[in-house]
Amino acid sequence: MKVEELNVDAVIGKVGKILCEHDKKKGVLIHTFQKIQEDHGYLPEDLLNNLAKKLSLPLAEVYSVASFYKQFHFSPRGKKVVRVCMGTACHVRGAKKVLDALEDEFCIKDGETTPDLAMTLETVGCVGCCGLAPVATVNEDVVGDITKKKLNDLIHHIKED
């Protein structure tokens, strides 16, 4: 077939249909991930495998989309998610000591979850409460100006229920 015989409009039309179908499938992923995580607390591997098959997408592509967003998690998370701010103000005012104390108390490191799924420990770049440094959050609750006493109270609060 000669190049001039090729109907460019027909090729573009076919490619457009393929891309549209592909984009539609990818567009469903985010909403599906949100629902799966809402129901399970994370994105279980078996459900991602099933989703990839159902949408006829490569599993690598499904993981690529999910891993792009920090809000999606691939392993179970704790009932309480504790985030220690490591921004400049918090760092200068002792955030590393807060993190070290939590790691020692719960025998986990940054990014890990306790075996009983009671707590997940994370660090963040900034909570936005620099005037209260050092700061940590427990789920949505902010704990600021963390002194030794407040740190002990925080640990006790995390261990509750």
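The values are calculated or read from the model by the stated rules, or taken from the named source; none is laboratory data. Computed from a predicted structure; not experimentally measured. Here the Cβ is made from the backbone with ideal geometry for all residues, glycine too, and neighbour counts use every protein chain on show.
Laid out as a table, the results:
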read-out	value
Meets criteria (at pLDDT below 95, touching a Gly at 6+ places or on another chain (Cβ under 8 Å) and within 26 Å of Gln34 (Cβ to Cβ)) for Val127	yes
Members of region 99-154 that are over 23 Å from the mean Cα position of the chain (by Cα) and among the β-branched types (Val, Ile, Thr)	Ile146, Thr147
Which listed residue is over 29 Å from Thr120 (Cα atoms) and at pLDDT 65 or above, from Leu57, Leu6	Leu57
Ile158 buried (at least 16 other Cβ atoms within 10 Å of the Cβ) and in a loop (DSSP other than H, G, I, E, B)	no
Residue count for region 82-100, restricted to those that are within 18 Å of Gly131 (Cβ to Cβ) and basic (Lys, Arg)	2
Among (1) of a type outside the set (S, T, N, Q); (2) surrounded by 14 or more Cβ atoms within 10 Å (Cβ to Cβ); (3) touching a helix residue (DSSP H, G or I) at 6+ places or on another chain (Cβ under 8 Å); (4) at pLDDT below 90, the one test that His22 misses	(3)
Odd one out for Asp153 among (1) touching a strand residue (DSSP E or B) at 6+ places or on another chain (Cβ under 6 Å); (2) in a helix (DSSP H, G or I); (3) of a type in the set (D, E, K, R)	(1)
Members of region 122-145 that are hydrophobic (A, V, I, L, M, F, W, C) and under 17 Å from Gly87 (Cβ atoms)	Val124, Cys126, Val127, Cys129, Cys130, Leu132, Ala133, Val135, Ala136, Val142, Val143
Residues located in region 66-92, provided they are in a helix (DSSP H, G or I) and surrounded by 16 or more Cβ atoms within 10 Å (Cβ to Cβ)	Ala66, Ala89, Cys90
Candidate set from region 118-155 (those that are among the acidic types (Asp, Glu) and out of contact with any His (no Cβ under 9 Å at 6 or more places or on another chain)); member that is surrounded by the most Cβ atoms within 10 Å (Cβ to Cβ)	Glu122
All positions within region 31-64 that are outside any loop (DSSP other than H, G, I, E, B), surrounded by 15 or more Cβ atoms within 10 Å (Cβ to Cβ) and either in the same structural domain as Asp110 (by TED's automatic domain parsing) or not aromatic (Phe, Trp, Tyr) (or both)	Thr32, Ile36, Gln37, Leu47, Leu48, Leu51, Ala52, Leu55, Glu61, Val62
Qualifying positions in region 96-108 - in contact with a helix residue (DSSP H, G or I) (Cβ under 9 Å, 6 or more places away or on another chain), part of a helix (DSSP H, G or I) and hydrophobic (A, V, I, L, M, F, W, C)	Val98, Ala101, Leu102, Phe106
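Each row is one residue, and each column tells you yes or no for (1) within 30 Å of Ile30 (Cβ to Cβ); (2) at pLDDT 95 or above; (3) not basic (Lys, Arg).
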{"residue": "Ser67", "(1), (2), (3)": "yes, no, yes"}
{"residue": "His73", "(1), (2), (3)": "yes, no, yes"}
{"residue": "Arg77", "(1), (2), (3)": "yes, no, no"}
{"residue": "Asp100", "(1), (2), (3)": "no, yes, yes"}
{"residue": "Asp116", "(1), (2), (3)": "no, no, yes"}
{"residue": "Leu121", "(1), (2), (3)": "yes, yes, yes"}
